[in-house]
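Novice: Submitted below is the structure of interest, expressed as structure tokens.
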Amino acid sequence: MRRPHIRSLAVAVAVTTTATGLAGTALAAPATGTGAGTASTSPASVVGAAVAVAFAHASATGLAPGDELHARDVLIDPEGARHVRFIRTHRGMPVLGGDMVVHLTRNLTYAGVTRAADHTVKTVATARLTARQAEQKAAAVAKGDAGGARLVVDARDGSSALAYQVRVSDSDTTESGGSRTVVIDAVTGSVRSNAVDQDEFLSPRLLDTLRRRGETISPAVGTAPRSASSIVGSSIAGSSIAGSSASAVSSAAVTAGRYPATAFGTGASLFVGKVPLVTTRTAATTYVLKDPSRWGTETRDAKGAELEVFGQGKQFTTTNDSWGNGAVSSRTTAAVDAQYGITKTLDFYKKTFGRKGIENNSKGARAMVHFGNKVGNAFWDPYCDCMLYGDGDGTFFKKPLVVLDVTGHELTHGVVDATAGLEPTRYDNLGNQYGEPGSLNESLADVFGSNVEFSANNANNPPNYLIGEKLGLSQKFLRRLDKPSLDTLEQTIDYWSPAVYDTEVHAGSGVSSHAYYLLAEGSGKKTIGSVTYDSPTYDGLPVTGIGRTKATAIYYRALTRYMVSTTDFHDARVATLKAAKDLYGADSAEYKAVDRSWAAVNVTAANTPAARN
């Protein structure tokens, strides 16, 4: 495993256990016993047992005196397994690279661990730098405004170092003045990591390539609207009050004079024609672009400011529940695409996996459009905990980046942040990211982003295994899963080699994206929908697909149960095999197909690097 940057730990240490609502209070080693306990589905019982067995099996988990575990997530599988995701502190300090998942049996006995760091965190030296000195250095490195420094233990790179972690806002080294998280060695003063906090859809490297080629991104807009009947039907089917009539629900609340009330409007989007929108009626002639059927999911207007606080955005309102005009002349139009894409992403995760929101905590997703001045990008921002969409720079990118699969891709970064927390191993001075965990993160965003399209099944945005096919690029897509190397803009790769460790993450994402496609659809030439695919294999041997539904289930289970912040491609192979075994059995055709799909992209047990820490 390689060195990650644990951005998510910059937010908080004691995180709420999102799947269960269990508070992530600190839990140290138990005074006595191993805590095997009895079978229980109580989250508190599961966490308590996981802590007990984690310390009882310290040789496997790497826990040491002074360590405490903070439960971040609890998953209770119907077939009996229990999984608790922990972040760790050492002597009260957050441990970067200290995350782990403890696996339990139905009877709450120890079944294994998945660790980000393969070494024990040792007692660290005394700081020689003051917090103020660390803040000054971080501000100078990131060229922005430093927040307060806090002491952490940096357990990445196979060592334990005392360090300061500093968030630097308004950084001149990021697009549109975003923030960076800088980790400064508290003894030597060296910079241990300097990471961009926002996940940018278009990387600095890609934008530079487009400029050098003189190519612009100008997506085609103005697709044909659907009929009124299909709009209303889709609106109800996608909401939590399916089976009710839109007019009946709205009129009942209005007749009773109760506000806010659920309402059903329509939006004229840039990219998918007219779409249904579930909104909130706050008065007789006032509607807000906020969806109460999806936990209050809302899109707001950043009004050209570089906001990272959602509450500072301006609400979109209308008097007639009709939104946008299908063109950029209306500020609301981009909000229609954003809100539609976000709700379709939430619907995909809920109906496919039962996931209730991005963080699985029954809270709505949030977005701001018109972010910044001439920003040609879209971001998942973990500090805002929301999507941010720029309007384009007016030169190379001429429209808001509110395309459906872009939204599905970026919100999946939020899902990854809430689960495995996969992180790049390093960043360059321009903000480009490198390393296999970061590549896997980008790949999963593409995999589930394409699944959002399949789930939405919108005739104006036909589902496929292409990413960014609506962006207007000369190669007709940004990335694709069947043969990633057809993407010449980012020079995406088809197969693993040791060089992938230092490959830019969007280029490196091709390894696992290709493995997923082969698992779902198999190798060779085929036409799916209106797109022709021809997926090769590293060894020239064929792969028989098991179908997108099963492949997606395996990858999601692997992400949520068996991946951690440092998971690389060989670890991902093991994680998906474990997931396939859980779901279908070790002797199943599905398990064998997973193994074969990874071999087809040159990821095998035999070529696993001996040392990756």
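The values are calculated or read from the model by the stated rules, or taken from the named source; none is laboratory data. Just so it is clear, the model here is predicted, and its values are computed rather than measured. So basically every Cβ, Gly included, is an ideal-geometry build from the backbone, and we count neighbours across all protein chains shown. Each accessible area value is taken on the protein alone, full model and side chains, heavy atoms only, with ligands, DNA and RNA left out. Shrake-Rupley method; radii C 1.70, N 1.55, O 1.52, S 1.80 Å.
Novice: Take THR343 and decide whether it is surrounded by fewer than 21 Cβ atoms within 10 Å (Cβ to Cβ), part of a helix (DSSP H, G or I) and not acidic (Asp, Glu).
Specialist: No, not satisfied.
Novice: Now for a separate question. Which residues, taken from region 454-469, are more than 23 Å from SER218 (Cα to Cα) and either in a loop (DSSP other than H, G, I, E, B) or charged (D, E, K, R) (or both)?
Specialist: ASN457
Novice: I'd like the full set of residues that are open to solvent by 20 Å² or more (accessible area, probe 1.4 Å) and at pLDDT below 95, limited to region 148-166.
Specialist: Across region 148-166, the qualifying residues are ASP157, GLY158, SER159, SER160.
Novice: Go through (1) touching a helix residue (DSSP H, G or I) at 6+ places or on another chain (Cβ under 9 Å); (2) farther than 23 Å from ARG355 by Cβ; (3) touching a residue at least 60 places away in the same chain (Cβ under 8 Å) for ASP595 and report which single condition fails.
Specialist: Going through the list (1) touching a helix residue (DSSP H, G or I) at 6+ places or on another chain (Cβ under 9 Å); (2) farther than 23 Å from ARG355 by Cβ; (3) touching a residue at least 60 places away in the same chain (Cβ under 8 Å), ASP595 breaks only (3).
Novice: Hey, among the residues in region 530-544 that are free of Cβ contacts under 8 Å to residues at least 60 places away in the same chain and out of contact with any Asp or Glu (no Cβ under 8 Å at 6 or more places or on another chain), which one's least open to solvent (accessible area, probe 1.4 Å)?
Specialist: Applying the filter and picking the extreme gives VAL543.
Novice: Of the residues that sit in region 561-571 and are within 16 Å of the chain's Cα centre (by Cα) and either surrounded by fewer than 24 Cβ atoms within 10 Å (Cβ to Cβ) or among the basic types (Lys, Arg) (or both), which one is farthest from ARG156 (Cα to Cα)?
Specialist: Here the answer is ARG561.
Novice: For a quick check of your reading: which strands (runs of 3 or more DSSP E) sit entirely within region 87-201 and have at least 3 residues that are within 30 Å of ALA44 (Cβ to Cβ) and touching a strand residue (DSSP E or B) at 6+ places or on another chain (Cβ under 6 Å)?
Specialist: In region 87-201, 93-96, 100-104, 110-115, 150-154 are the strands (runs of 3 or more DSSP E) which contain 3 or more residues that are within 30 Å of ALA44 (Cβ to Cβ) and touching a strand residue (DSSP E or B) at 6+ places or on another chain (Cβ under 6 Å).
Novice: Of all residues in region 42-86, how many are assigned to a loop (DSSP other than H, G, I, E, B), without any contact (Cβ under 8 Å) to a residue 60 or more places away in the chain, of a type in the set (Gly, Ala, Ser) and open to solvent by 20 Å² or more (accessible area, probe 1.4 Å)?
Specialist: The qualifying residues number 2.
Novice: Identify all residues within region 308-340 that are among the small types (Gly, Ala, Ser), crowded, with 18+ Cβ neighbours inside 10 Å and in a loop (DSSP other than H, G, I, E, B); write none if there are none.
Specialist: Result: GLY313, GLY324, GLY326.
Novice: Based on this model, can you work out whether PHE371 counts as over 14 Å from the mean Cα position of the chain (by Cα), touching a residue at least 12 places away in the same chain (Cβ under 8 Å) and farther than 30 Å from TYR562 by Cβ?
Specialist: yes
Novice: Among the listed residues ALA551, ALA575, ALA589, identify the single one that is touching a Phe, Trp or Tyr at 6+ places or on another chain (Cβ under 8 Å) and over 25 Å from ARG115 (Cβ atoms).
Specialist: None of the others qualify; the one that does is ALA551.
Novice: Please find, within region 490-522, the residue that is farthest from LEU206 (Cα to Cα) out of those that are of a type in the set (A, V, I, L, M) and open to solvent by 10 Å² or more (accessible area, probe 1.4 Å).
Specialist: Ranking the qualifying residues of region 490-522, first place goes to ALA499.
Novice: Mind checking whether some residue in region 587-597 is open to solvent by 20 Å² or more (accessible area, probe 1.4 Å), under 24 Å from THR412 (Cα atoms) and in a helix (DSSP H, G or I)?
Specialist: no
Novice: Checking the condition surrounded by fewer than 23 Cβ atoms within 10 Å (Cβ to Cβ) and within 30 Å of ARG573 (Cα to Cα), which residue from ASN464, ASN460 passes?
Specialist: Being surrounded by fewer than 23 Cβ atoms within 10 Å (Cβ to Cβ) and within 30 Å of ARG573 (Cα to Cα) holds for just one of ASN464, ASN460, which is ASN464.
Novice: Further question on the same structure: Show the residue pairs meeting these rules: Cβ distance below 6 Å; 6+ apart or different chains; first residue within region 558-571 and in contact (Cβ under 8 Å) with a residue 24 or more places away in the chain; second residue part of a helix (DSSP H, G or I) and open to solvent by 10 Å² or more (accessible area, probe 1.4 Å).
Specialist: Between residues of region 558-571 that are in contact (Cβ under 8 Å) with a residue 24 or more places away in the chain and residues that are part of a helix (DSSP H, G or I) and open to solvent by 10 Å² or more (accessible area, probe 1.4 Å), the close pairs are TYR562/LYS578.
Novice: Identify, from the list LYS525, LYS476, the residue that is open to solvent by 20 Å² or more (accessible area, probe 1.4 Å), more than 24 Å from the chain's Cα centre (by Cα) and over 20 Å from VAL406 (Cα atoms).
Specialist: Answer to the selection: LYS525.
Novice: Then there's this: Spot the failing condition for ASP482; the list is (1) open to solvent by less than 20 Å² (accessible area, probe 1.4 Å); (2) not in a loop (DSSP other than H, G, I, E, B), and only one is missed.
Specialist: The single condition ASP482 does not satisfy is (2).
Novice: Among PHE348, PHE353, which is open to solvent by less than 10 Å² (accessible area, probe 1.4 Å), closer than 24 Å to SER439 by Cα and not β-branched (Val, Ile, Thr)?
Specialist: PHE348
Novice: Sort out which residues of region 253-307 are at positive phi and either free of Cβ contacts under 8 Å to residues at least 40 places away in the same chain or buried (at least 22 other Cβ atoms within 10 Å of the Cβ) (or both), and write them in order of number.
Specialist: Result: GLY257, single match.
Novice: Follow-up question, since we're still on this one. For THR216, are the conditions met, namely being more than 20 Å from GLY438 (Cα to Cα), at pLDDT 85 or above, touching a Lys or Arg at 6+ places or on another chain (Cβ under 9 Å) and open to solvent by 10 Å² or more (accessible area, probe 1.4 Å)?
Specialist: So THR216 fails the test.
Novice: I'm told ARG91 meets every condition in (1) open to solvent by less than 10 Å² (accessible area, probe 1.4 Å); (2) out of contact with any Asp or Glu (no Cβ under 7 Å at 6 or more places or on another chain) except one. Can you identify the failing condition by its number?
Specialist: Only one criterion is unmet by ARG91, namely (1).
Novice: Output the residues belonging to region 136-187 that are without any contact (Cβ under 8 Å) to a residue 60 or more places away in the chain, within 23 Å of ASP381 (Cβ to Cβ) and of a type in the set (Lys, Arg).
Specialist: LYS143, ARG150, ARG180
Novice: Within region 422-439, is there a residue that is of a type in the set (Gly, Ala, Ser) and over 30 Å from ASN607 (Cα atoms)?
Specialist: Yes, region 422-439 contains a residue that is of a type in the set (Gly, Ala, Ser) and over 30 Å from ASN607 (Cα atoms).
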